[in-house]
Amino acid sequence: MQILPLHNKIFELRGKKIMLDFDLAALYEMETKVLKQAVRRNLERFPEDFMFQLTEKEWNMILRSQFVTLENPGKGKYPKYLPFAFTEHGVAMLASVLNSSKAIQVNISIIRAFIALREFALNFKELSEKIIEMEEKYDMHFKDVYEALNYLMSEKEVEKQDKERVRIGFKQ
């Protein structure tokens with residue numbers, strides 16, 4: 001199983017990276033209903049920081065806008081109940097609840113995708129901090145250059161206005 005398609009199934013909501021129950025069910029090659037039943041039978045394994053149910057507002061406004069491929073809703077096409085959102089820890093817990101070789105293999109791929117996203121975010125943050133640091137350092141060095149450029153630009157404007165003005169006085 002490739003990791004790349006999994007990145008498209010991971011969303012950010014409530015400040016956490018999550019995966020939705022129907023995406024997980026598709027990866028595990030089972031019905032969403034079966035996955036939800038297994039989770040409901042083991043609710044004590046899924047505290048709020050492992051899994052939560054989306055609110056109607058989250059489902060309608062936030063996540064549907066992220067699904068570019070959603071077609072016009074038809075009967076039975078999309079879940080009629082609000083989906084469960086699983087954090088990285090919730091996905092790991094699913095392996096023990098579902099307990100099949102397929103679930104274990106899929107979970108390994110999903111956890112790797114979460115880790116890759118986390119590493120990317122850390123690298124992005126480090127790069128961003130480095131750029132800010134360089135801007136602060138070099139802006140001080142180039143302050144004089146910026147002032148000189150601004151002065152020259154303003155002189156050019158004055159010369160341009162001088163050429164456009166009609167001269168008053170005697171002409172020889």
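General remarks:
- Net lengthening on full extension, residue 56/residue 147 (0.36 nm per residue, minus Cα-Cα): 27.3 nm
- Exposure proxy for 35, 149, 82: other Cβ atoms within 10 Å of each Cβ, ordered fewest to most, give 149, 82, 35.
- Compared with the direct C-alpha span, the chain from residue 111 to residue 127 gains 3.3 nm at full extension, assuming 0.36 nm per residue.
- Added length on full extension, which subtracts the Cα-Cα distance from 0.36 nm per residue, residue 119 to residue 12: 37.0 nm
Every read-out reported here was derived from the displayed coordinates using simple, explicitly stated rules and does not represent laboratory data. Please read these numbers as outputs of a predicted model, since none were measured by experiment. Counting neighbours? That spans all protein chains shown, and the Cβs are built from the backbone with ideal geometry, glycine included.
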